[in-house]
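Trainee: Okay, here's the structure, questions in a sec.
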Amino acid sequence: MSIKIESLRLKNFKAFKDITIRDIPRMCVVVGANGAGKSTLFDVFGFLRDSLTDNVQVALSKRGGFKEVRTRDADGGIEIELKSWYFGDLAAVETGLEIDGLTVLQTKAKYRNPDNIPHPSKELKKVTENRYQKVSGSRVIGKHLALDNKRSRSFRNFINGVRGIIAF
Ligand SMILES: Nc1ncnc2c1ncn2[C@@H]1O[C@H](COP(=O)(O)OP(=O)(O)OP(=O)(O)O)[C@@H](O)[C@H]1O
Ligand SMILES: [Mg+2]
């Protein structure tokens, strides 16, 4: 399963009370002192994998249960927000941001395979003439995404994964 991650936001996941990591490159090296949270960062993906292959309950219990996984002094839920695919559905971008004429760009060779665009959020800023903002932009676009869109393999994997979680 391949999902290209553009940014990651964690709330109440172990040592990470509220963090956002943006512009994650295809290959990255994480450096930090002991206990800084390097293993925790990678375990986010382990947690998601366990949630997808088994279910959230299993993922939590493998890590000592909800109380161990949630940040110790927190009282909200655990939130994991991943951002990826921006170019797989320019019709959603057009509707969400109320910008005309984006959908037609989808046929350009460059945008036909959205998983191959190296810096999708920068590219999106360009085509929307800076009207796209990372978090707020993604939220307004998200509502309009066609869930059966086959253009992006990583989007398909993601939707199937989320469907797996919801099924439990
Ligand atoms: N539920 C939790 N709430 C708050 N902090 C937590 C929670 N669970 C673990 N931690 C803290 O997270 C830190 C562990 O981070 P992690 O093991 O990811 O560090 P690391 O960078 O991989 O360190 P090392 O270099 O030793 O491998 C510890 O300081 C631990 O106390
Ligand atoms: Mg470690």
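Nothing in this text is a laboratory measurement; each read-out follows from the coordinates by a stated rule. All figures in this text were calculated on a predicted structure; none of them were measured in a lab. Methodologically, a virtual Cβ is constructed for each residue, glycine included, from the backbone with ideal geometry; neighbour enumeration extends over all protein chains shown.
Trainee: Using 1/(1 + (r/R0)^6) with R0 = 30 angstrom and r between the beta carbons of Lys17 and Val104, what's the FRET efficiency to the nearest 0.05?
Mentor: On the way: r = 43 Å, r/R0 = 1.44.
Working from the Cβ atoms, E equals 0.10.
Trainee: Quick one: what are the phi-derived ³J(HN,Hα) couplings along the range 124-131, Karplus 6.51/-1.76/1.60 with θ = phi - 60°, whole Hz, x for glycine and proline?
Mentor: Working through the residues one at a time gives 5, 4, 5, 6, 9, 6, 6, 7 Hz.
Trainee: Let me ask another. In whole Hz, with x marking every Gly and Pro, tabulate ³J(HN,Hα) for the range 17-26 from phi via Karplus 6.51 cos²θ - 1.76 cosθ + 1.60, θ = phi - 60°.
Mentor: Listing the rounded values in order: 6, 6, 10, 10, 10, 10, 6, 6, x, 4 Hz.
Trainee: Something else: Using only Cα positions of the range 29-126, each an equal point scatterer, no hydration layer, compute I(q)/I(0) via Debye at q = 0.16, 0.19, 0.20, 0.24 Å⁻¹ and quote the log10 values to two decimals.
Mentor: -0.85, -0.93, -0.96, -1.18
Trainee: What fraction, in whole percent, of alpha-carbon pairs in the range 101-168 exceed 15 Å separation? Provide the component values of the computation, followed by the final result.
Mentor: Numbers: 1449 of 2278 pairs.
So the portion of pairs separated by more than 15 Å is 64 percent.
Trainee: Also, quick follow-up: With the contact rule set at Cα under 8 Å and sequence spacing of 6 or more, what percent relative contact order holds for the range 85-151? Walk me through the intermediate numbers first.
Mentor: Numbers: 72 pairs, mean separation 29.8, N = 67.
Relative contact order for the range 85-151 comes out at 45 percent.
Trainee: Hey, what's the Kirkwood Rh for the range 7-82 if you take every pair of different alpha carbons, in angstrom? Present the calculation step by step, with values, prior to reporting the outcome.
Mentor: Numbers: mean 1/r = 0.0769 Å⁻¹.
Roughly 13.0 Å, rounded to one decimal.
Trainee: Could you pull out every residue, at least 5 positions away or on a different chain, whose amide H is within less than 5 Å of the one on Arg70? Hs are placed 1.01 Å off N in the peptide plane, and Pro or chain starts have none.
Mentor: For Arg70, whose amide H was placed from the backbone, the distant partners under 5 Å are Lys14.
Trainee: How much length, in nm to one decimal, is gained on full extension between Lys150 and Ile24, taken as 0.36 nm per residue of separation minus their Cα-Cα distance? Kindly include the intermediate steps, with their values, before the conclusion.
Mentor: Numbers: separation 126, 0.36 × 126 = 45.36 nm, distance 2.38 nm.
Computed gain between Lys150 and Ile24 is 43.0 nm.
Trainee: Reachable lysines from Lys126, Cα under 28 Å, same-chain residues fewer than 8 places away excluded?
Mentor: Lys4, Lys83, Lys108, Lys110, Lys134, Lys143, Lys150
Trainee: For the chain, state the average projected area of the convex hull of the C-alpha atoms over all orientations, rounded to one decimal in nm². Working shown, then result.
Mentor: Details: hull surface 42.3 nm².
Dividing the Cα hull surface by four gives the mean projection, 10.6 nm².
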